[in-house]
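**Student:** The structure's right below; bear with me while I get my questions together.
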Amino acid sequence: LNISAHPLVEIAVGLGDRAYDIVIGHQALDMCGERLRSFFRCGRALVVTDSNVGPLHGPRLEAVLEQLGIETQFITVPAGEQSKSFEGLQTIVDALLDANIERGEVVIALGGGVVGDLAGFAASITKRGVDFIQIPTTLLAQVDSSVGGKTGINTRHGKNFAGTFHQPRLVIADSGFLSSLPDREIRAGYAEIVKAALIGDTALFERLEAAGPDILRGEDLTHAISDAVRFKANIVAKDEREAGVRALLNLGHTFAHAFEADAPKDAIRHGEAVAVGLALAFRFSAEHASCDPADAGRVEAHLRQIGLPAAPQDLPFSGWSAQSLIERMRGDKKNMGGKITLILAHGIGNAYIDHDIDETDLVRFLKKVLK
Ligand SMILES: NC(=O)c1ccc[n+]([C@@H]2O[C@H](COP(=O)([O-])OP(=O)(O)OC[C@H]3O[C@@H](n4cnc5c(N)ncnc54)[C@H](O)[C@@H]3O)[C@@H](O)[C@H]2O)c1
């Protein structure tokens, strides 16, 4: 659909009997009334949210559902990454069972990536699996985590180490929710849009570069969200369970997860770690993968132009060590045959998967960039 002529963009994730739509735009929630009604014929919606989003946006969702004759019950977890834990999972599963959820009912996840990952995981295992709907309220969740069906929690071994693939039945990415989102969170989410462009959409990257910081609000942002979601939806439809091409979506993430795991609680945002990871993946590529160093320079310059970190030194923590980061990277889920896998790039919009990273070389690189 043409975005200027239509307030809403709809993107289909083509997964056969697990196919679903992502509805993007201002007031997308209000426009989805009839669809929501079809999911809640029982007259009740169980909504998982967090302690920030619930008070801010719960009443709006409740009002929309009430107009459809649907009663809302909220299940609220503390805001923050710590809720993505076994305890957080147990809280939600217990609350769903306390509410005597039936297998035909549908859970709503209203919140950022934390709520989406956690509620999706809980839905996928409660009574051996109930359906869920994503209503993402952060930019990061709208462009990335709400799409594709990866759910999970963190364990002491690392981020997202326990989880399932469980596709939502519908995603409603209403840009109205973003109005209460702090600038830092907007920028963090934007890193995942840059990621999509860097993996395989050169034209998008050029548009982002040309727009500069203006891209972070308004119609331009909705357009960029749609492009990034469409990009991800295509990849997910080709490779739902990450047997191949979907791993490209991890560009920057092997570095990012290592930084996140080693940072103090809540010191850095996931998207900030991803931004640094993207810059490092391009720097490493410029040294090893025939990527033009000028492309690595453009990536770094664009991240900085937006106010995102582009080097470990830009992060609000400095206690990294190459040894500890490499330990984290050794535990990455993408690794094969005991070798570290990285997503690298031949240039902007041309990422590829390298399953054969030389560890000594990576340690040397990390030492250099941490200096
Ligand atoms: N499943 C996937 O494919 C996938 C992809 C990328 C990231 N993730 C996961 O997503 C998580 C990060 O998501 P996130 O950045 O959305 O974090 P988050 O869910 O913690 O949200 C960030 C903060 O913003 C608050 N918030 C949310 N919506 C708000 C709003 N509209 N107004 C004001 N405040 C609001 C939250 O309460 C929280 O404090 C990580 O755990 C990451 O691993 C998952």
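**Student:** Among (1) in contact (Cβ under 8 Å) with a residue 12 or more places away in the chain; (2) farther than 24 Å from Gly25 by Cα, where does Ala233 come up short?
**Tutor:** Every condition holds for Ala233 apart from (2).
**Student:** Looking only at the stretch 132-143, count every residue that is away from the ligand (no atom under 12 Å from the Cβ) and in contact with a His (Cβ under 9 Å, 6 or more places away or on another chain) and tell me the total.
**Tutor:** 1
**Student:** If you don't mind, there's one more thing I want to ask. What is the number of the single condition among (1) closer than 26 Å to Arg298 by Cα; (2) outside any loop (DSSP other than H, G, I, E, B); (3) of a type outside the set (Asp, Glu) that Arg328 does not meet?
**Tutor:** Among (1) closer than 26 Å to Arg298 by Cα; (2) outside any loop (DSSP other than H, G, I, E, B); (3) of a type outside the set (Asp, Glu), the lone unmet condition for Arg328 is (1).
**Student:** Which one is nearest to Lys368 (Cα to Cα), of the residues in the stretch 301-337 that are in contact (Cβ under 8 Å) with a residue 60 or more places away in the chain and in contact with a strand residue (DSSP E or B) (Cβ under 6 Å, 6 or more places away or on another chain)?
**Tutor:** Met329
**Student:** Another one. Anything in the stretch 182-198 that is more than 12 Å from Ala141 (Cα to Cα) and within 14 Å of the ligand (Cβ to nearest atom)? List them, or say none.
**Tutor:** Of everything in the stretch 182-198, those that are more than 12 Å from Ala141 (Cα to Cα) and within 14 Å of the ligand (Cβ to nearest atom) turn out to be Pro182, Asp183, Arg184, Arg187, Val194, Lys195, Ala196.
**Student:** Among the residues of the stretch 4-38, how many are small (Gly, Ala, Ser) and touching a Ser or Thr at 6+ places or on another chain (Cβ under 9 Å)?
**Tutor:** Total meeting the criteria: 2.
**Student:** Do any residues in the stretch 238-264 that are closer than 16 Å to Gly331 by Cα and crowded, with 24+ Cβ neighbours inside 10 Å have Cβ atoms under 8 Å from those of residues that are among the charged types (D, E, K, R) and at pLDDT 95 or above, where the two are at least six apart or on different chains, and which pairs are they?
**Tutor:** So the pair list comes out as Gly252/Lys195.
**Student:** Name the residues in the stretch 144-165 that are under 18 Å from His57 (Cβ atoms) and more than 7 Å from the ligand (Cβ to nearest atom), would you?
**Tutor:** Of everything in the stretch 144-165, just one residue is under 18 Å from His57 (Cβ atoms) and more than 7 Å from the ligand (Cβ to nearest atom), namely Ser146.
**Student:** Being part of a helix (DSSP H, G or I), surrounded by 22 or more Cβ atoms within 10 Å (Cβ to Cβ) and β-branched (Val, Ile, Thr) is the filter; apply it to the stretch 78-125 and report the residue that is nearest to the ligand (Cβ to nearest atom).
**Tutor:** The residue in question is Val114.
**Student:** Starting from the stretch 350-363, take each residue that is farther than 16 Å from Glu242 by Cβ and list its partners that are part of a helix (DSSP H, G or I) and basic (Lys, Arg), counting only C-beta distances under 9 angstrom and pairs at least six apart or across chains.
**Tutor:** Cβ pairs passing all conditions: Glu359/Arg330.
The values are calculated or read from the model by the stated rules, or taken from the named source; none is laboratory data. Note that the structure is predicted; figures quoted are calculated from it, not measured. In this analysis, Cβ positions are derived from the backbone assuming ideal geometry, glycine residues included, and neighbour counts consider all displayed protein chains.
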